[in-house]
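The values are calculated or read from the model by the stated rules, or taken from the named source; none is laboratory data. This one's a predicted model, so the numbers in the text were calculated from it and none came from an experiment. Because the Cβ atoms are built from the backbone with ideal geometry, glycine has one as well, and the counts that use them run over all protein chains shown.
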Amino acid sequence: MIEKAHNFGHFRADSTLQRIKESYTWPNMLALIKKAINQCATARMQFHPAQVTEVSKIFKRLSIDLVFVLNKTKDGFIGIAVIIEYLTKFCYAEPIRSKEDSEIATILIKYISLFGPFEELFLIKVENSAIRF
C-alpha cells in the first residue's frame, strides 16, 4: 500500500502519508512510510541534496559568496565578495570592508551595470547579515 501511494509520483513522506490517510490509518505510519521511501532508488536520487540543476542561458542564475578568511588590509578590507555566473562559471570579485547589506547591494549594482541583469541570485548565508532578495 505504501509503495503504491509513493510510486504515484515518488513524493516525499508527508505527501505520501496524507494520500494514505485518506483511506487508512495505523500506528507509526509516518516512520514506516519514511523507511519505505528511503529504500526507493528513484526517490533517493530525486531528493538528494546535491542535485544538478540545468541553466539554460547566461545570467539566468548567479551566486554570491562572502569570504572572510583574510587579514584586514591597510585600506580596511576584511574580505571578498565573489559573484559566480552559473552557465559560464565566470567569477567576479570585489574587496569588502564589512558584511553590511548596503555594501553588498552596491557590489550587485556595480555588477549589473557592468554585465546586465540576472534572473536568480543565490546568496551564501552570512552570519550577522539581514540581506533579503
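Please tell me if K99 is surrounded by fewer than 17 Cβ atoms within 10 Å (Cβ to Cβ), assigned by TED's automatic domain parsing to the domain that holds D65 and of a type in the set (K, R). The answer is no for K99. Could you tell me whether any residue of the range 14-25 is closer than 30 Å to L121 by Cα and at pLDDT below 75? Looking through the range 14-25, none of the residues is closer than 30 Å to L121 by Cα and at pLDDT below 75.
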